[in-house]
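Working notes, structure below.
The values are calculated or read from the model by the stated rules, or taken from the named source; none is laboratory data. Computed from a prediction, not measured in an experiment: that's the story for all the values here. Note: ideal-geometry Cβ built from the backbone for every residue, glycine included; neighbour counts use all protein chains shown.
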Amino acid sequence: MDERDPAVEPQLVRPYTLTAGRTDSRVHLPLEAPIETLDAARPPRWPAGDVRGDILALCAARPSVAEIAARLSVPLGVARVLVGDLVTQGYLRVHATLDQSATSDERRELIGRTLRGLRAL
């Protein structure tokens, strides 16, 4: 009996080909950082089904880098490189994460986002 989820399609491309073998992003991207699509960004010229278009669509809801990786079923390192590329190209914005002055409500929200991301894995 095959127990695979029919909604999940197999990856036809090796993850390292999506990043041209790169393993590091040019942008500092904390795993919990909310990522947002910029409305003023020029229209992308990618083929249909390109993972970059999928990332832009997901970022309308301001997910974290970890959530993007989980939802696209790509390794976290691959998601970081691709998101970093889209940030430097002007398609996405990285929002600040918590620092020492964060309120308890902000800390709770971060924990909630982290838990949602972990559940999505």
In segment 14-44, how many residues are charged (D, E, K, R) and modelled with pLDDT of 80 or more? 3
Determine if segment 94-104 includes at least one residue that is out of contact with any Asp or Glu (no Cβ under 8 Å at 6 or more places or on another chain), surrounded by fewer than 17 Cβ atoms within 10 Å (Cβ to Cβ), free of Cβ contacts under 8 Å to residues at least 12 places away in the same chain and of a type in the set (Val, Ile, Thr). yes
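Could you list all residues from segment 97-107 that are closer than 13 Å to Glu32 by Cβ and modelled with pLDDT of 80 or more? Don't jump to the end; show me each part of the working.
Kept after step one, since they are closer than 13 Å to Glu32 by Cβ, are these residues of segment 97-107: 97-99, 102, 106-107.
Residues satisfying the conditions are Ala102, Glu106, Arg107.
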Just the residues that are basic (Lys, Arg), in a loop (DSSP other than H, G, I, E, B) and in contact (Cβ under 8 Å) with a residue 40 or more places away in the chain, please, taken from segment 33-88. Arg42
Scan (1) within 25 Å of Ile111 (Cβ to Cβ); (2) at pLDDT 90 or above; (3) over 13 Å from the mean Cα position of the chain (by Cα) for the single condition Thr88 breaks and write down its number. (1)
